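Colleague: Handing you this structure, nothing more for now.
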Amino acid sequence: MVGKRTDYLSWDEYFMAVALLSGLRSKDPNTQVGACVANSQNKIVGVGYNGFPWGCSDDELPWSREGNYLDTKYPYVCHAELNAVLNSISYDLRDCRIYVALFPCNECTKVIIQAGIREIIYLSDKYADTDSVRASKIMLDKSNTSYRQFTPDRESILLHFSQ
Ligand SMILES: Nc1ccn([C@H]2C[C@H](O)[C@@H](COP(=O)(O)O)O2)c(=O)n1
Ligand SMILES: [Zn+2]
């Protein structure tokens with residue numbers, strides 16, 4: 001008898017990989033972030049990545065990190081988590097999980113909590129020392145929204161377009 005494959009992706013690996021794949025759509029030259037919302041039945045209900053709003057051309061708005069505020073990307077860019085929630089097929093994301101490459105900022109955290117998402121699974125917390133992420137953790141703790149870092153069991157996942 002032929003047994004089943006054993007190196008198949010776990011749900012956490014699968015949803016985090018979808019988040020990372022979505023992040024590859026981002027035009028941000030410095031930080032590409034993807035997010036994937038999964039419901040309690042392990043169905044994907046929303047994906048997103050960081051980018052400018054509809055109608056705001058990637059070629060006309062700045063991707064700079066420094067300079068006058070209006071000449072940087074920060075006032076314009078929609079974060080991956082916001083896009084994943086807004087792109088989701090349901091308004092009510094109660095009991096969903098969000099997988100995201102980078103710990104959510106305070107503004108996205110508000111959106112995540114208000115949407116009813118119950119758990120955040122993140123890969124990197126590289127901005128842990130910012131007040132934005134500190135505020136996120138305060139709100140998450142108060143609202144009993146859980147968060148945990150994804151610790152991968154494998155280094156990478158390879159995709160081949162040629163089979
Ligand atoms: N949780 C997050 C954090 C950040 N982003 C976006 C916003 C920017 O496009 C980029 C961060 O840029 P950096 O300051 O590292 O040059 O990532 C997000 O989508 N989700
Ligand atoms: Zn954010």
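Colleague: From the helices alone, meaning DSSP H stretches of at least four residues, give me the mean residue ellipticity at 222 nm for the chain, per-run term -39500 (n - 2.57), in deg cm²/dmol to the nearest 500.
Modeller: Computed ellipticity for the chain at 222 nm equals -7500 deg cm²/dmol.
Colleague: Run the dipole for the range 1-69 about the Cα centre, Lys and Arg Cβ at +1, Asp and Glu Cβ at -1, nothing else charged, and hand back the magnitude in debye, nearest 20.
Modeller: Rounded to the nearest 20 debye, it is 380 debye.
Colleague: Sequence-distant or interchain residues sharing an amide H contact under 5 Å with R25, placed H: which?
Modeller: Excluding prolines and chain starts, which carry no amide H, there are no hits.
Colleague: Using Cβ counts within 10 Å as a stand-in for footprinting exposure, how do Y147, Y91 rank, fewest first?
Modeller: Arranged by neighbour count, lowest to highest, Y147, Y91 become Y91, Y147.
Colleague: Moving to a separate point now. Taking springs between alpha-carbon atoms closer than 10 angstrom, which of Y14, Y69, Y49 fluctuates most in the Gaussian network model of the chain?
Modeller: Y69
Colleague: Then there is this: Percent relative contact order of the range 45-160, based on C-alpha pairs within less than 8 angstrom and at least six residues apart?
Modeller: This gives 22 percent for the range 45-160.
Colleague: Something else about it: So for the chain, considering every pair of alpha-carbon atoms, how many percent are separated by more than 21 Å?
Modeller: 49 percent
Colleague: Now for a different question. In the chain, how many lysine pairs have Cα atoms under 26 Å apart, counting only pairs 8 or more places apart or on different chains?
Modeller: Value for the chain: 13.
Colleague: To the nearest 20 debye, what is the magnitude of the charge dipole of the chain about its Cα centre, counting +1 on the Cβ of each Lys and Arg and -1 on the Cβ of each Asp and Glu?
Modeller: For the chain, the charge dipole is close to 500 debye.
Colleague: Same structure again: Please rank D59, D92, fewest neighbouring Cβ atoms within 10 Å first, as an exposure proxy.
Modeller: D59, D92
Colleague: Report the longest stretch of the chain that contains none of the GluC sites (Glu not before Pro) sitting in a DSSP loop with at most 12 other Cβ atoms within 10 Å.
Modeller: Answer from the scan: 67-154.
Colleague: For C105, C56, C36, which order do you get if you count the other beta carbons within 10 Å of each Cβ and list the fewest first?
Modeller: C56, C105, C36
Colleague: Run through all the Cα pairs of the range 1-85 and give the fraction in each 5 Å bin from 0, expressed as whole percent.
Modeller: 3, 14, 20, 18, 14, 10, 8, 5, 3, 2, 1, 1, 0, 0
Colleague: Sort out the exposed loop trypsin sites (Lys or Arg not before Pro) in the chain (DSSP loop, at most 10 other Cβ within 10 Å) and tell me the longest stretch that has none.
Modeller: Of all site-free stretches, the longest is 44-153.
Quick note: the coordinates plus some simple rules give every number you see, no bench work behind them. Predicted model, so just to flag it, every value in this text is computed and none were measured. Glycine also receives a Cβ, built like all others from the backbone with ideal geometry; neighbour counts cover every protein chain displayed.
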